[in-house]
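The values are calculated or read from the model by the stated rules, or taken from the named source; none is laboratory data. Note that the structure is a prediction, hence the values are computed from the model and not measured. We place every Cβ from the backbone using ideal geometry, glycine too, and count neighbours over all the protein chains shown.
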Ligand code: PHE
(Lines give C-alpha, C1' and ligand atoms only; values in the text may rest on other atoms or scores of the structure.)
Protein backbone atom coordinates (compact mmCIF):
# COMPACT_ATOMS: atom_id res chain seq x y z
CA UNK A 1 0.00 0.00 0.00
CA UNK A 2 2.92 2.37 -0.64
CA UNK A 3 0.82 4.52 -2.97
CA UNK A 4 -1.52 5.32 -0.07
CA UNK A 5 1.45 6.37 2.07
CA UNK A 6 2.83 8.38 -0.83
CA UNK A 7 -0.49 10.17 -1.13
CA UNK A 8 -0.60 11.01 2.58
CA UNK A 9 2.99 12.22 2.48
CA UNK A 10 2.22 14.26 -0.61
CA UNK A 11 -0.61 15.98 1.25
CA UNK A 12 1.74 16.90 4.10
CA UNK A 13 4.35 18.28 1.68
CA UNK A 14 1.70 20.08 -0.32
CA UNK A 15 0.46 21.87 2.80
CA UNK A 16 4.01 22.91 3.66
CA UNK A 17 4.69 24.05 0.10
CA UNK A 18 1.51 26.11 0.00
CA UNK A 19 2.10 27.60 3.43
CA UNK A 20 5.61 28.66 2.48
CA UNK A 21 4.67 30.25 -0.86
CA UNK A 22 5.13 33.95 -0.24
CA UNK A 23 3.79 35.44 -3.40
CA UNK A 24 0.87 34.75 -5.67
CA UNK A 25 3.36 33.69 -8.34
CA UNK A 26 4.99 31.14 -6.01
CA UNK A 27 1.57 29.85 -5.08
CA UNK A 28 0.68 29.36 -8.72
CA UNK A 29 3.97 27.46 -9.24
CA UNK A 30 3.03 25.22 -6.33
CA UNK A 31 -0.41 24.59 -7.82
CA UNK A 32 1.09 23.58 -11.17
CA UNK A 33 3.68 21.33 -9.45
CA UNK A 34 0.96 19.55 -7.51
CA UNK A 35 -2.16 19.53 -9.58
CA UNK A 36 -0.98 20.46 -13.06
CA UNK A 37 -1.00 17.98 -15.94
CA UNK A 38 2.54 16.95 -15.12
CA UNK A 39 2.03 17.51 -11.41
CA UNK A 40 2.85 15.06 -8.65
CA UNK A 41 -0.69 14.23 -7.66
CA UNK A 42 -1.71 13.80 -11.27
CA UNK A 43 1.25 11.44 -11.74
CA UNK A 44 0.20 9.37 -8.74
CA UNK A 45 -3.35 9.11 -9.94
CA UNK A 46 -2.09 7.84 -13.25
CA UNK A 47 -0.34 5.04 -11.42
CA UNK A 48 -3.68 3.78 -10.15
CA UNK A 49 -3.95 1.70 -13.31
CA UNK A 50 -1.30 -0.58 -11.91
CA UNK A 51 -3.33 -1.34 -8.77
CA UNK A 52 -5.41 -4.40 -8.18
CA UNK A 53 -9.22 -3.96 -8.42
CA UNK A 54 -9.40 -4.40 -4.64
CA UNK A 55 -6.91 -1.66 -3.87
CA UNK A 56 -8.25 0.77 -6.40
CA UNK A 57 -11.37 2.14 -4.60
CA UNK A 58 -9.49 2.78 -1.38
CA UNK A 59 -6.57 4.52 -3.09
CA UNK A 60 -8.93 6.38 -5.42
CA UNK A 61 -10.90 7.66 -2.47
CA UNK A 62 -7.71 8.73 -0.74
CA UNK A 63 -6.42 10.44 -3.89
CA UNK A 64 -9.67 12.37 -4.22
CA UNK A 65 -9.50 13.41 -0.57
CA UNK A 66 -5.91 14.58 -0.97
CA UNK A 67 -6.80 16.41 -4.16
CA UNK A 68 -9.73 18.28 -2.66
CA UNK A 69 -7.75 19.03 0.51
CA UNK A 70 -4.91 20.48 -1.54
CA UNK A 71 -7.34 22.45 -3.70
CA UNK A 72 -8.99 23.89 -0.62
CA UNK A 73 -5.74 24.90 1.04
CA UNK A 74 -4.62 26.45 -2.23
CA UNK A 75 -7.73 28.51 -2.61
CA UNK A 76 -7.73 29.60 1.03
CA UNK A 77 -4.14 30.69 0.73
CA UNK A 78 -4.88 32.50 -2.54
CA UNK A 79 -7.84 34.30 -0.98
CA UNK A 80 -5.77 35.30 2.04
CA UNK A 81 -3.04 36.66 -0.22
CA UNK A 82 -5.51 38.66 -2.28
CA UNK A 83 -7.04 40.04 0.86
CA UNK A 84 -3.65 41.02 2.24
CA UNK A 85 -2.72 42.68 -1.04
CA UNK A 86 -5.98 44.64 -1.03
CA UNK A 87 -5.40 45.74 2.54
CA UNK A 88 -1.89 46.89 1.74
CA UNK A 89 -3.21 48.85 -1.21
CA UNK A 90 -5.91 50.53 0.88
CA UNK A 91 -3.47 51.33 3.63
CA UNK A 92 -1.10 52.92 1.11
CA UNK A 93 -3.88 55.02 -0.39
CA UNK A 94 -5.42 55.94 2.94
CA UNK A 95 -6.41 59.58 3.31
CA UNK A 96 -6.17 61.03 6.77
CA UNK A 97 -8.94 63.59 6.83
CA UNK A 98 -7.87 64.74 10.27
CA UNK A 99 -4.55 66.12 8.94
CA UNK A 100 -4.52 69.92 8.58
CA UNK A 101 -5.07 70.87 4.92
CA UNK A 102 -2.99 73.09 2.68
CA UNK A 103 -4.61 76.50 2.88
CA UNK A 104 -5.20 78.10 -0.53
CA UNK A 105 -3.45 81.47 -0.70
CA UNK A 106 -6.12 84.17 -0.81
CA UNK A 107 -5.07 87.31 -2.59
CA UNK A 108 -6.39 90.78 -1.90
CA UNK A 109 -6.89 94.04 -3.70
CA UNK A 110 -3.84 95.95 -4.83
CA UNK A 111 -3.11 99.02 -2.71
CA UNK A 112 -4.04 101.32 -5.60
CA UNK A 113 -7.45 99.64 -6.01
CA UNK A 114 -8.01 99.93 -2.26
CA UNK A 115 -7.29 103.65 -2.29
CA UNK A 116 -9.51 104.24 -5.33
CA UNK A 117 -12.37 102.48 -3.54
CA UNK A 118 -11.74 104.52 -0.44
CA UNK A 119 -11.90 107.77 -2.44
CA UNK A 120 -15.11 106.52 -4.08
CA UNK A 121 -16.57 105.90 -0.61
CA UNK A 122 -15.63 109.41 0.55
CA UNK A 123 -17.39 111.05 -2.42
CA UNK A 124 -20.31 108.64 -2.81
CA UNK A 125 -21.20 109.37 0.81
CA UNK A 126 -21.80 113.02 -0.15
CA UNK A 127 -23.85 112.18 -3.24
CA UNK A 128 -21.28 111.99 -6.05
CA UNK A 129 -21.52 109.47 -8.91
CA UNK A 130 -18.54 107.49 -10.24
CA UNK A 131 -17.94 107.96 -13.98
CA UNK A 132 -15.40 106.52 -16.41
CA UNK A 133 -14.04 107.28 -19.84
CA UNK A 134 -11.82 105.65 -22.46
CA UNK A 135 -8.08 105.33 -21.87
CA UNK A 136 -7.54 105.60 -25.62
CA UNK A 137 -8.77 109.10 -26.33
CA UNK A 138 -8.84 111.68 -29.05
CA UNK A 139 -6.93 114.92 -28.67
CA UNK A 140 -10.31 116.69 -28.66
CA UNK A 141 -11.31 115.17 -25.31
CA UNK A 142 -7.83 115.16 -23.80
CA UNK A 143 -6.90 118.73 -24.83
CA UNK A 144 -9.06 120.80 -27.14
CA UNK A 145 -12.39 120.66 -25.33
CA UNK A 146 -10.43 121.30 -22.14
CA UNK A 147 -9.40 124.68 -23.48
CA UNK A 148 -5.78 123.68 -24.17
CA UNK A 149 -4.39 125.92 -26.89
CA UNK A 150 -3.14 124.20 -30.06
CA UNK A 151 0.45 124.99 -29.18
CA UNK A 152 0.24 123.82 -25.57
CA UNK A 153 3.46 121.91 -24.83
CA UNK A 154 1.62 118.97 -23.25
CA UNK A 155 0.26 118.11 -26.73
CA UNK A 156 3.77 117.33 -27.96
CA UNK A 157 4.77 113.74 -28.62
CA UNK A 158 7.33 114.18 -25.88
CA UNK A 159 4.55 114.48 -23.33
CA UNK A 160 1.80 112.36 -24.87
CA UNK A 161 1.70 108.84 -26.30
CA UNK A 162 0.06 109.05 -29.73
CA UNK A 163 -1.27 105.78 -31.09
CA UNK A 164 -2.50 106.92 -34.48
CA UNK A 165 -0.31 106.07 -37.47
CA UNK A 166 1.15 109.27 -38.79
CA UNK A 167 1.38 109.88 -42.50
CA UNK A 168 4.53 108.26 -44.00
CA UNK A 169 7.56 110.43 -43.50
CA UNK A 170 5.93 112.71 -40.96
CA UNK A 171 7.30 113.02 -37.46
CA UNK A 172 5.35 113.42 -34.25
CA UNK A 173 5.77 117.08 -33.50
CA UNK A 174 3.77 119.69 -31.57
CA UNK A 175 2.70 121.45 -34.77
CA UNK A 176 1.52 118.21 -36.36
CA UNK A 177 -0.68 117.41 -33.41
CA UNK A 178 -1.83 120.98 -33.03
CA UNK A 179 -3.51 120.71 -36.45
CA UNK A 180 -5.49 117.51 -36.18
CA UNK A 181 -8.50 117.37 -33.90
CA UNK A 182 -8.88 113.62 -34.10
CA UNK A 183 -5.44 112.31 -33.29
CA UNK A 184 -5.72 109.20 -31.18
CA UNK A 185 -3.69 109.10 -28.00
CA UNK A 186 -3.41 107.46 -24.58
CA UNK A 187 -5.03 109.94 -22.23
CA UNK A 188 -2.55 111.93 -20.17
CA UNK A 189 -5.17 112.93 -17.58
CA UNK A 190 -8.65 111.90 -16.50
CA UNK A 191 -9.91 115.43 -17.19
CA UNK A 192 -11.39 114.25 -20.52
CA UNK A 193 -14.05 112.44 -18.49
CA UNK A 194 -15.30 115.90 -17.47
CA UNK A 195 -16.15 116.52 -21.13
CA UNK A 196 -17.77 113.09 -21.68
CA UNK A 197 -19.89 113.59 -18.57
CA UNK A 198 -21.01 117.12 -19.43
CA UNK A 199 -21.86 115.95 -22.98
CA UNK A 200 -24.08 113.13 -21.76
CA UNK A 201 -25.56 114.53 -18.53
CA UNK A 202 -27.29 117.75 -17.60
CA UNK A 203 -26.39 119.65 -14.43
CA UNK A 204 -26.47 119.30 -11.52
CA UNK A 205 -23.34 117.12 -11.95
CA UNK A 206 -21.43 115.83 -8.94
CA UNK A 207 -19.02 113.15 -10.08
CA UNK A 208 -15.61 111.60 -9.64
CA UNK A 209 -13.77 109.59 -12.31
CA UNK A 210 -10.90 107.34 -11.27
CA UNK A 211 -8.75 105.80 -13.98
CA UNK A 212 -5.45 105.05 -15.59
CA UNK A 213 -3.45 107.68 -17.46
CA UNK A 214 -0.23 107.55 -19.49
CA UNK A 215 2.75 109.84 -19.98
CA UNK A 216 6.07 109.24 -21.75
CA UNK A 217 8.10 109.53 -18.55
CA UNK A 218 10.90 107.19 -17.60
CA UNK A 219 9.95 105.37 -14.41
CA UNK A 220 11.85 106.60 -11.38
CA UNK A 221 11.15 106.92 -7.66
CA UNK A 222 8.50 109.60 -8.21
CA UNK A 223 7.34 109.03 -11.83
CA UNK A 224 5.56 106.19 -13.59
CA UNK A 225 4.72 106.16 -17.31
CA UNK A 226 1.34 104.72 -16.36
CA UNK A 227 -0.47 105.77 -13.20
CA UNK A 228 -3.92 106.54 -11.83
CA UNK A 229 -5.79 109.75 -11.25
CA UNK A 230 -9.10 110.56 -9.66
CA UNK A 231 -10.87 113.40 -11.40
CA UNK A 232 -13.69 115.33 -9.78
CA UNK A 233 -16.28 117.62 -11.34
CA UNK A 234 -19.14 119.64 -9.91
CA UNK A 235 -21.45 121.72 -12.13
CA UNK A 236 -24.47 123.33 -10.55
CA UNK A 237 -26.12 126.71 -10.01
CA UNK A 238 -24.21 129.05 -7.72
CA UNK A 239 -21.08 126.95 -7.20
CA UNK A 240 -18.21 129.06 -5.84
CA UNK A 241 -14.61 128.63 -4.76
CA UNK A 242 -15.94 128.21 -1.21
CA UNK A 243 -17.61 124.96 -2.33
CA UNK A 244 -14.34 123.78 -3.87
CA UNK A 245 -12.47 124.55 -0.68
CA UNK A 246 -15.02 122.97 1.66
CA UNK A 247 -15.23 119.83 -0.46
CA UNK A 248 -11.50 119.33 -0.86
CA UNK A 249 -10.79 120.06 2.82
CA UNK A 250 -13.34 117.35 3.63
CA UNK A 251 -11.67 114.99 1.14
CA UNK A 252 -8.14 115.60 2.42
CA UNK A 253 -9.16 115.09 6.06
CA UNK A 254 -11.10 111.94 5.19
CA UNK A 255 -8.04 110.49 3.49
CA UNK A 256 -5.23 111.71 5.76
CA UNK A 257 -6.78 112.44 9.14
CA UNK A 258 -8.72 115.18 10.91
CA UNK A 259 -5.60 116.91 12.21
CA UNK A 260 -4.31 117.70 8.72
CA UNK A 261 -4.29 121.28 7.42
CA UNK A 262 -4.57 122.33 3.77
CA UNK A 263 -2.98 125.11 1.77
CA UNK A 264 -4.23 126.49 -1.57
CA UNK A 265 -1.53 127.85 -3.89
CA UNK A 266 -2.31 129.72 -7.14
CA UNK A 267 -1.48 127.66 -10.24
CA UNK A 268 -2.47 127.38 -13.89
CA UNK A 269 -4.51 124.76 -15.75
CA UNK A 270 -6.05 125.49 -19.17
CA UNK A 271 -9.47 124.21 -18.14
CA UNK A 272 -9.89 125.94 -14.76
CA UNK A 273 -9.83 129.62 -13.83
CA UNK A 274 -8.77 130.42 -11.22
CA UNK A 275 -6.63 127.35 -10.63
CA UNK A 276 -4.71 126.16 -7.63
CA UNK A 277 -2.59 123.40 -6.25
CA UNK A 278 -3.49 122.04 -2.85
CA UNK A 279 -0.98 120.94 -0.27
CA UNK A 280 -1.60 118.95 2.88
CA UNK A 281 0.45 119.50 6.02
CA UNK A 282 3.25 116.96 6.31
CA UNK A 283 2.21 113.91 8.31
CA UNK A 284 5.76 113.09 9.36
CA UNK A 285 6.71 116.46 10.94
CA UNK A 286 3.20 118.00 11.23
CA UNK A 287 4.32 121.10 9.39
CA UNK A 288 7.62 121.64 11.20
CA UNK A 289 9.69 120.74 8.16
CA UNK A 290 11.53 117.47 7.56
CA UNK A 291 13.24 115.58 4.76
CA UNK A 292 9.97 113.90 3.71
CA UNK A 293 8.35 117.28 2.87
CA UNK A 294 11.66 118.75 1.67
CA UNK A 295 11.63 120.99 4.75
CA UNK A 296 8.57 122.93 3.62
CA UNK A 297 6.08 121.36 6.02
CA UNK A 298 3.68 120.79 3.09
CA UNK A 299 3.07 118.07 0.50
CA UNK A 300 1.30 118.72 -2.81
CA UNK A 301 -1.60 116.36 -3.49
CA UNK A 302 -4.23 117.95 -5.76
CA UNK A 303 -4.73 120.20 -8.76
CA UNK A 304 -8.04 122.06 -8.85
CA UNK A 305 -9.91 125.15 -9.94
CA UNK A 306 -13.19 126.66 -11.05
CA UNK A 307 -14.31 125.21 -14.39
CA UNK A 308 -13.35 127.66 -17.15
CA UNK A 309 -16.49 129.08 -18.82
CA UNK A 310 -15.01 128.10 -22.22
CA UNK A 311 -15.13 124.44 -21.15
CA UNK A 312 -18.80 124.74 -20.16
CA UNK A 313 -19.55 126.34 -23.54
CA UNK A 314 -17.66 123.52 -25.34
CA UNK A 315 -20.08 121.10 -23.67
CA UNK A 316 -23.23 123.10 -24.37
CA UNK A 317 -23.67 124.34 -20.80
CA UNK A 318 -24.59 128.01 -20.24
CA UNK A 319 -21.88 129.61 -18.05
CA UNK A 320 -24.31 132.42 -17.14
CA UNK A 321 -26.54 129.83 -15.48
CA UNK A 322 -24.05 127.31 -14.19
CA UNK A 323 -20.64 127.28 -12.59
CA UNK A 324 -18.50 124.50 -11.21
CA UNK A 325 -15.21 123.28 -9.91
CA UNK A 326 -12.92 120.43 -10.88
CA UNK A 327 -10.00 118.67 -9.29
CA UNK A 328 -7.53 115.90 -10.01
CA UNK A 329 -5.40 113.80 -7.68
CA UNK A 330 -2.71 111.21 -8.34
CA UNK A 331 -3.60 107.93 -6.65
CA UNK A 332 -0.03 106.55 -6.47
CA UNK A 333 1.03 109.79 -4.83
CA UNK A 334 -1.69 109.48 -2.21
CA UNK A 335 -0.54 105.90 -1.57
CA UNK A 336 3.06 107.06 -1.23
CA UNK A 337 2.07 109.78 1.25
CA UNK A 338 -0.10 107.48 3.28
CA UNK A 339 2.51 104.74 3.62
CA UNK A 340 5.79 106.66 3.26
CA UNK A 341 6.64 104.76 0.07
CA UNK A 342 10.11 105.84 -1.00
CA UNK A 343 9.72 104.56 -4.59
CA UNK A 344 6.52 104.46 -6.71
CA UNK A 345 7.96 101.66 -8.84
CA UNK A 346 7.42 99.19 -6.02
CA UNK A 347 3.67 99.52 -6.73
CA UNK A 348 4.19 98.08 -10.21
CA UNK A 349 6.60 95.22 -9.58
CA UNK A 350 4.16 92.57 -8.38
CA UNK A 351 6.56 91.65 -5.57
CA UNK A 352 4.31 89.96 -3.02
CA UNK A 353 6.71 90.69 -0.14
CA UNK A 354 5.92 94.36 -0.73
CA UNK A 355 2.27 94.17 -1.81
CA UNK A 356 1.13 91.78 0.92
CA UNK A 357 1.81 94.47 3.53
CA UNK A 358 -1.24 96.47 2.53
N1 LIG B 1 -5.61 117.17 -15.00
C2 LIG B 1 -4.72 117.89 -14.13
C3 LIG B 1 -3.37 117.15 -14.13
O4 LIG B 1 -3.28 116.06 -14.61
C5 LIG B 1 -5.25 117.96 -12.72
C6 LIG B 1 -6.48 118.79 -12.59
C7 LIG B 1 -7.72 118.22 -12.70
C8 LIG B 1 -6.37 120.15 -12.34
C9 LIG B 1 -8.86 119.02 -12.59
C10 LIG B 1 -7.49 120.95 -12.24
C11 LIG B 1 -8.72 120.36 -12.35
O12 LIG B 1 -2.38 117.70 -13.68
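Numerical summary
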quantity: Residues of segment 232-263 that turn out to be crowded, with 18+ Cβ neighbours inside 10 Å and under 30 Å from residue 320 (Cβ atoms), as a count; calculated: 9
quantity: Selected residue [at pLDDT below 95, within 16 Å of the ligand (Cβ to nearest atom) and in the same structural domain as residue 116 (by TED's automatic domain parsing)] from 153, 168; calculated: 153
quantity: Cross-chain or 6+ apart pairs with Cβ under 7 Å, segment 228-244 first and within 30 Å of residue 215 (Cα to Cα), then part of a strand (DSSP E or B) and more than 13 Å from the ligand (Cβ to nearest atom); calculated: 233/205; 234/205; 234/206; 235/205
quantity: Qualifying positions in segment 118-142 - touching a residue at least 40 places away in the same chain (Cβ under 8 Å) and either part of a loop (DSSP other than H, G, I, E, B) or out of contact with any strand residue (DSSP E or B) (no Cβ under 8 Å at 6 or more places or on another chain) (or both); calculated: 118, 122, 126, 127, 128, 131, 132, 133, 134, 135, 140, 141
quantity: Positions within segment 207-224 being more than 17 Å from residue 133 (Cα to Cα), within 14 Å of the ligand (Cβ to nearest atom) and surrounded by fewer than 18 Cβ atoms within 10 Å (Cβ to Cβ), in sequence order; calculated: 217, 223
